[in-house]
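What follows is a set of notes on a single structure, which appears directly below.
The values are calculated or read from the model by the stated rules, or taken from the named source; none is laboratory data. Quick caveat, the model's predicted, so the values are computed rather than measured. Backbone-built Cβ (ideal geometry, glycine too); neighbour counts: all protein chains shown. Just the protein is used for accessible areas: all its heavy atoms, side chains included, with ligands, DNA and RNA removed. Shrake-Rupley method; radii C 1.70, N 1.55, O 1.52, S 1.80 Å.
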Amino acid sequence: MQDGIITKSTGSWYNVRLEDGQIIPCRIGGKFRKDDKRLTNPIAVGDKVKVETDVDEEGAGAIRKIMPRDNYVVRQSPRKKHSLHLIASNIDQAIIVTTIAQPKLKQGFIDRFLLMTEPFNIDTVIAFNKVDVYKEEDIDTLAYLQGVYEDIGYKTLILSATKGHGLDDLKVLLKDKTTLIGGQSGVGKSTLINAIAADLDLRTGDISDYSGKGQHTTTFAEMFELPFGGLLIDTPGIKNLSFNYLELADVAHNFREFFAASSDCRFGGSCLHRNEPGCAVKAAIEEGEISELRYFNYLALLDEVDEQNYWERRNV
Ligand code: GDP
Ligand code: ZN
């Protein structure tokens, strides 16, 4: 049996990097498949596994064991609304690539992404790409959003993948770490990765090739070795980010500044900061200490999770 790490998953096949650097295709060969019925995929990119090599003539291996995960990132499966999709595991940090230019930044997208990384306190950096085409009002929006997120402890980066702006900062951040990178389709994530690691040669959704939609060509998360040290887990462009199997309190507890303030709510950690009396979060918003934007996005997420749970618990 050899130790390995999952670098790619296509559903039934997995690529596993062995300790000597060799990558071999593997199938699942163990009982753990049924461990958690809510998961569409029992194994994620980043998982540390034990594999038996050379189980068939083609040199494929069998995954016999998944080692316990330090952390993981999970979302609602884009295809099955009652299932969970494991995106990646054992990561040091995450980067959300966004842009204020094309495509339009979806309201609440950043906060949804943070809801995936916050449960394990995974450091998350918010990158604003395509700064080369920002108009004056975009620069104002940028400054506003930087203020909102830096105030609550998230790092931000200002980038232009095409003009090379900020790429050195990005490299410093990625060096020798395992980083999950994600974002809406078309924000320039592939262009960024190609700009810092040309050898990887990811396909980019060039507007001339794909009828202006910035369509993404990858379907599965994949881990790459960075030429300057570090591992990058690239995820497919995200259209919608939804959640399931969450309690309302999970949402409340993972808006970090709300959680910090909740010790002063009359109902403490069980306060959902909606209309409860003596709510310290609402007081802090009135004082301007907590961002209204975050609160607005929070309420929308609460409502969504509420509705989702209503249907989930009736099993329809
Ligand atoms: P992905 O879906 O996030 O991987 O996006 P792509 O890397 O495929 O890029 C989508 C489009 O945005 C392509 O036409 C890129 O050339 C363009 N793009 C990427 N980065 C930048 C940038 O920094 N500035 C500008 N102006 N365009 C960019
Ligand atoms: Zn409260």
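Things worth noting here:
- The C-alpha atoms of the stretch 124-207 occupy a region whose extents along the principal axes are 35, 32, 21 Å, arranged from largest to smallest.
- Accessible area (Å², 1.4 Å probe, nearest 10) - K106: 90 Å²
- Under the criterion of Cα pairs below 8 Å and six or more residues apart, the relative contact order for the stretch 89-234 equals 25 percent.
- Cα gyration tensor shape of the stretch 248-313, rounded if a/c is under 1.5, else prolate or oblate by comparing a/b with b/c: prolate
- Accessible area per residue in Å² at 1.4 Å probe, computed on the stretch 39-123: 44 Å²
- For the chain, Cys with no neighbouring Cys Cβ under 4.7 Å: C26, C279
- Vicinal HN-Hα couplings computed from phi for the stretch 176-188 (Karplus, 6.51 cos²θ - 1.76 cosθ + 1.60; Hz; Gly/Pro x): 6, 10, 9, 10, 8, 10, x, x, 4, 4, x, 6, x
- Rg and Dmax of the stretch 89-234, both derived from C-alpha coordinates alone, stand at 14.5, 40 Å.
- Translational diffusion of the stretch 88-160, µm² s⁻¹ [Kirkwood Rh, Cα pairs; Stokes-Einstein; 25 °C; 0.890 mPa s]: 192 µm²/s
- Normalising the average separation of contacting C-alpha pairs (under 8 angstrom, six or more residues apart) by the number of residues puts the relative contact order of the stretch 2-68 at 34 percent.
- Surface listing: I66, I91 arranged by accessible area from highest to lowest gives I66, I91, probe 1.4 Å.
- Cα gyration tensor shape of the stretch 151-194, rounded if a/c is under 1.5, else prolate or oblate by comparing a/b with b/c: rounded
- Relative contact order of the stretch 110-171, pairs being alpha-carbon contacts under 8 Å that are 6 or more residues apart, as %: 35 percent
- Shape of the stretch 121-164, Cα gyration tensor, a/c cut at 1.5: oblate
- Cα extents for the stretch 2-68 along the principal axes, largest to smallest and rounded to whole angstrom: 33, 22, 18.
- Alpha carbon Rg of the chain, scaled by the compact-globule rule 2.2 N^0.38 Å: 1.05
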